[in-house]
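Below is one structure; the comments refer to it alone.
The values are calculated or read from the model by the stated rules, or taken from the named source; none is laboratory data. Everything quoted here is computed from the prediction, not taken from an experiment. Quick reminder, even Gly has a Cβ in these numbers, built from the backbone with ideal geometry, and neighbours come from all protein chains shown. Note: accessible area is taken over every heavy atom of the protein model, side chains too, but ligands, DNA and RNA are not part of it. Shrake-Rupley method; radii C 1.70, N 1.55, O 1.52, S 1.80 Å.
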Amino acid sequence: MEKSPNKKLLVFISFVILLIVLVATYFLAWRPSDSDYDVASKNLDAVTNSYATLELELLMAKSPDKISNITSLKIGVLSELFDESLGTFLGNGVISRDFAVGATMNKHRESFTKYNDSVKELAQSMEIYTTIVNSCNAYINSDKQNTTDLLNRCENALENGSKSEYEPFNNQFFDNYRTQVGDFVSDMDNKKGKLPQPPSKQLDYKLPVLIDGIEEIETVLNTQKTAFWR
């Protein structure tokens, strides 16, 4: 049965109203505003800055003999800052509401996540390493009287070394060095000597490189900010 002209008109009007509601909903509730993109860009800048600072600090600590208490502390603090800045960026509404930005972030998400996890593990391993150096040096350099507490701290630090999480650090240097220090401390003839010195050799921390992903995400953010449908 053919619809009457009034019914056709009613269907058409209903369709137009629905279309208007959908468009209005998109622009008023879903479509990210220019300010949303500005905030996302600032969030990405924070990620970029924390990443660059971390990489610079790691570049100056590429060999074990360059890793000090201060180095370990800096890497630990910077890894937390990177984690915080990345979390803030990933929580930005533009990531979930702009398909192009979201798709670009998802393309690189695994690298960002792996870097975040890895650098935190590396910071933990560095802290364990410097704790061994400090506590065992304190024992070796003591006057050998009333040193039970110092020896316990050294031995506990060595035992705790098994908890080092970052495998590239462990495999290239730390496992072997921890064994050397343990052997040295357990040998009574070495009590007047010096703790084995960490080697001056380049380590490959095997961290993902994020700069290409950062640049691509930044480009898409800038492009989408000027797009009508986004």
| field | Label-point separation in nm, THR226 to LYS42, each point 7 Å along Cα→Cβ | value | 2.3 nm
| query | Quick one: if you take sqrt(5λ) for each eigenvalue of the C-alpha gyration tensor of region 27-186, what semi-axes come out, biggest first, whole angstrom? | reply | 44, 14, 12
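Which peptide among 59-70, 97-108, 127-138 comes first, and what is the full order, when sorted by highest mean count of other Cβ atoms within 10 Å? Each step should come with its number before you reach the end.
Working: 59-70: 14.6, 97-108: 16.2, 127-138: 20.2.
Taking the mean over residues of other Cβ atoms within 10 Å, the ranking is 127-138, 97-108, 59-70.
Rounded to the nearest 0.05, what FRET efficiency do PHE99 and SER33 have when you use their Cβ-Cβ distance and R0 = 25 Å?
Values: r = 16 Å, r/R0 = 0.65.
E between PHE99 and SER33, to the nearest 0.05, is 0.95.
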| remark: Computed ³J(HN,Hα) along region 76-93: with the Karplus parameters 6.51/-1.76/1.60, θ = phi - 60°, integer Hz and x for glycine or proline, the list is x, 5, 5, 5, 5, 5, 5, 4, 5, 5, 5, x, 5, 5, 5, x, 5, x
| 30 Å Cα-Cα threshold exceeded, pairs from LYS107/LYS225; LYS163/LYS206; LYS107/LYS201; LYS62/LYS114; LYS66/LYS107 | LYS107/LYS201; LYS66/LYS107
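Taking 0.36 nm per residue of sequence separation and subtracting the Cα-Cα distance, how much length would be gained by fully extending the chain between ASN49 and ASP187, in nm to one decimal? Display every interim value, and only then the final one.
Numbers: separation 138, 0.36 × 138 = 49.68 nm, distance 4.69 nm.
Roughly 45.0 nm would be gained on extension.
Cβ neighbours within 10 Å, averaged per peptide: list 168-181, 207-220 in order, most packed at the top.
Highest-to-lowest ranking by the protection proxy: 168-181, 207-220.
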| query | Taking a label point 7 Å from the Cα of GLU216 along the Cα→Cβ vector, which residues of region 78-119 have an amide N closer than 11 Å to it? | reply | 103-111
| query | Using a 1.4 angstrom probe and counting only protein chains, how large is the accessible area of LEU81 in Å², to 10? | reply | 80 Å²
